[in-house]
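What follows is one structure encoded as structure tokens, with my remarks underneath.
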Amino acid sequence: MGGAMKHALIVGGSQGLGLGLVREHLGRGWRVTATVRSPSPELEFLRQQANGCLTIEQLDIVKLDQVSALARKLSDQNFDLLFLNAGIMAGRGLPLSDVPEPDISGIFLTNAISPIRVADAFAVTVAPDGMIAFMSSILGSIGTNDDGRAELYRASKAALNSLVRSFRARHKRRDLTVLALHPGVVRTSMGGAAAPLDIETSVRGLADVMEARWGRGSQAFVDYQNEIIPW
Ligand SMILES: NC(=O)c1ccc[n+]([C@@H]2O[C@H](COP(=O)([O-])OP(=O)(O)OC[C@H]3O[C@@H](n4cnc5c(N)ncnc54)[C@H](OP(=O)(O)O)[C@@H]3O)[C@@H](O)[C@H]2O)c1
């Protein structure tokens, strides 16, 4: 790293880990463009402190018209990092037969399909030797799934991981680094108050992992401590 100021596009920066990633990258001297689906006072507060280094854009990742409009608006940008963070939980604690169908289609559309569609729309704006990172979860690991908890969420992140590998194969860009990341179990509105990690520890780890893997032109499924996770 080093040299010119790096520029990240962080998708889903309103709260939780996304907001933490914005703060962490600003702290490391990056320029950041962050998207939110509705106004975020915390992110707006960060913008006011950021001396012009933070730009906020509006995007609901499941709305294809918004995706293409923002991709057109940002088409002249040159991002070093594209980070797809947005994700939801659904159906936790319920047998699959009790989960309402809109929740089922919603979680696959939000966690698996939409991050890939957004990455496809913005891939041309990512530097040839840049990085695209997807917020996965260790629960998406098929190889380590021995207890089946949160099975719908697990399946959505396993689907994301599969699509991440297809994305990289389709794009045939040898110098692009593609990561599926597990942030740890983190105290956010999704992770809950009893989760072991705070946001700062997780995002510091994730940023270190991305730096360590910068420029490798490979793909990996790793956690915030750079431990490889079985797909
Ligand atoms: N916390 C954990 O322990 C943990 C563990 C493994 C993986 N993860 C993953 O980490 C990511 C961030 O989660 P979090 O823990 O920070 O939870 P969070 O606080 O609930 O944040 C989720 C983020 O996703 C955004 N989002 C959801 N649907 C969206 C959509 N359709 N369009 C645009 N943005 C959307 C939310 O925006 P709004 O503010 O508008 O709702 C919010 O910024 C998720 O992908 C999650 O699956 C979390």
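The values are calculated or read from the model by the stated rules, or taken from the named source; none is laboratory data. Everything quoted here is computed from the prediction, not taken from an experiment. Glycine also receives a Cβ, built like all others from the backbone with ideal geometry; neighbour counts cover every protein chain displayed. Just so you know, the surface numbers come from the protein's heavy atoms only, side chains and all, with ligands and any DNA or RNA stripped out. Shrake-Rupley method; radii C 1.70, N 1.55, O 1.52, S 1.80 Å.
Kindly count the pairs of lysines across the chain whose alpha carbons are less than 24 Å apart, treating pairs on different chains or eight or more residues apart as eligible. Within the chain, the lysine pair count is 5. Between E44 and Q58, residue separation times 0.36 nm minus the direct Cα-Cα distance comes to 3.8 nm. Of the residues A50, A112, A71, the one that moves most in a GNM of the chain with alpha-carbon contacts below 10 Å is A50. To the nearest 10 degrees, how steep is helix 16-27 against the longest Cα principal axis of the chain, on a 0 to 90 scale? Computed tilt is about 20 degrees.
The modelled label-to-label distance for the pair L109/S68, using points 7 Å beyond Cα in the direction of Cβ, is 1.7 nm. Remark: region 175-231 carries a charge dipole of roughly 80 debye about the Cα centre, counting +1 on each Lys and Arg Cβ and -1 on each Asp and Glu Cβ. Regarding region 1-157, what's the average projected area of the Cα-atom convex hull, expressed in nm²? For region 1-157, averaging the hull's shadow over all directions gives 10.5 nm². Region 207-231 and region 31-102 have their alpha-carbon centroids 22 Å apart.
If you put +1 on each Lys and Arg Cβ and -1 on each Asp and Glu Cβ, how big is the dipole of the chain around its Cα centre, in Debye rounded to 20?
Working: 24 positive and 23 negative charges, 128 e Å.
The calculated dipole for the chain is roughly 620 debye.
Ranking of T144, T177 by solvent-accessible surface, largest first: T144, T177 (1.4 Å probe, protein heavy atoms only, all chains present). Counted residue by residue at 0.36 nm each, then reduced by the alpha carbon distance between them, the extension gain from L96 to D175 reaches 24.4 nm.
Defining a contact as two alpha carbons under 8 Å apart and six or more residues distant in sequence, what relative contact order in percent does region 1-109 show?
Numbers: 152 pairs, mean separation 30.8, N = 109.
Reported relative contact order: 28 percent.
With a simple spin-label model that places each label point 7 Å from the Cα along the Cα-to-Cβ direction, the separation between N226 and D146 comes to 2.7 nm. Ranking S40, I56, V126 by Cα position along the charge dipole of the chain, where only Lys, Arg, Asp and Glu carry charges on their C-beta atoms, puts V126 farthest toward the positive end. Could you let me know the centre-to-centre spacing of region 4-24 and region 129-161, using Cα atoms, in angstrom? Answer, in whole Å: 21. For the chain, the longest principal axis of the C-alpha atoms and the axis of helix 64-73 are separated by about 20°. In this Cβ point-charge picture (+1 for Lys and Arg, -1 for Asp and Glu), region 88-171 has a dipole of about 260 debye about its Cα centre. Would you mind checking the tilt of helix 151-171 against the longest principal axis of the Cα atoms of the chain, expressed as 0 to 90 degrees and rounded to 10? Tilt relative to the chain: about 40 degrees. Within the listed set S105, S137, S218, the residue fluctuating most in the Gaussian network model of the chain (springs between alpha-carbon atoms under 10 angstrom) is S105.
Quick check: from the Cα gyration tensor, does region 1-44 come out rounded (a/c under 1.5), prolate or oblate? Here region 1-44 falls in the prolate category.
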